[in-house]
Amino acid sequence: MSVDGLCQVCEVARASHRCGRCAALVCSDHYDTDTGYCTDCVAELGGADDE
Ligand SMILES: [Zn+2]
Ligand SMILES: [Zn+2]
C-alpha cells in the first residue's frame with residue numbers, strides 16, 4: 001500500500017500513515033501507533049496523553 005501526499009494535520013511533513021478512524025493521511029509524528037489513529041482522533045477520544 002502506498003500513501004501519497006502531505007500530512008493532513010501539519011500539512012508540512014510527508015504522510016506515511018493512514019488513520020484507521022477518519023482515514024486522514026498523516027505523518028509519523030501525527031500517527032499513534034498504539035491505536036492506529038491520527039493524533040486528532042486520539043485527542044478527540046480523550047487519550048491519556050494530555051498536552
Ligand atoms: Zn504531521
Ligand atoms: Zn483520525
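The values are calculated or read from the model by the stated rules, or taken from the named source; none is laboratory data. Remember, it's a predicted structure, so these values are computed and weren't measured experimentally. Every residue, glycine as well, gets a Cβ built from its backbone with ideal geometry; the counts of neighbours run over all protein chains shown.
Can you pull out every residue in the range 16-35 that is away from ligand 1 (no atom under 13 Å from the Cβ) and either among the aliphatic types (A, V, I, L, M) or touching a strand residue (DSSP E or B) at 6+ places or on another chain (Cβ under 8 Å) (or both)? Within the range 16-35, 20, 21, 22, 23 meet the criteria.
Applying the criterion of being under 8 Å from the mean Cα position of the chain (by Cα) and in a loop (DSSP other than H, G, I, E, B) to the residues of the range 16-35, the residue that is farthest from ligand 2 (Cβ to nearest atom) is 27. Going by what's in this entry, would residue 13 be described as more than 11 Å from the chain's Cα centre (by Cα), surrounded by 14 or more Cβ atoms within 10 Å (Cβ to Cβ) and modelled with pLDDT of 95 or more? Taking the combined requirement at face value, the residue satisfies it. For the range 16-43, a tally of residues being surrounded by fewer than 14 Cβ atoms within 10 Å (Cβ to Cβ) and of a type in the set (Phe, Trp, Tyr) returns 0. Listed by first and then second residue, the pairs with beta-carbon distance under 8 Å, at least 6 apart or on different chains, first residue in the range 11-35 and within 22 Å of residue 46 (Cβ to Cβ), second small (Gly, Ala, Ser) and not in a loop (DSSP other than H, G, I, E, B), are 17/28.
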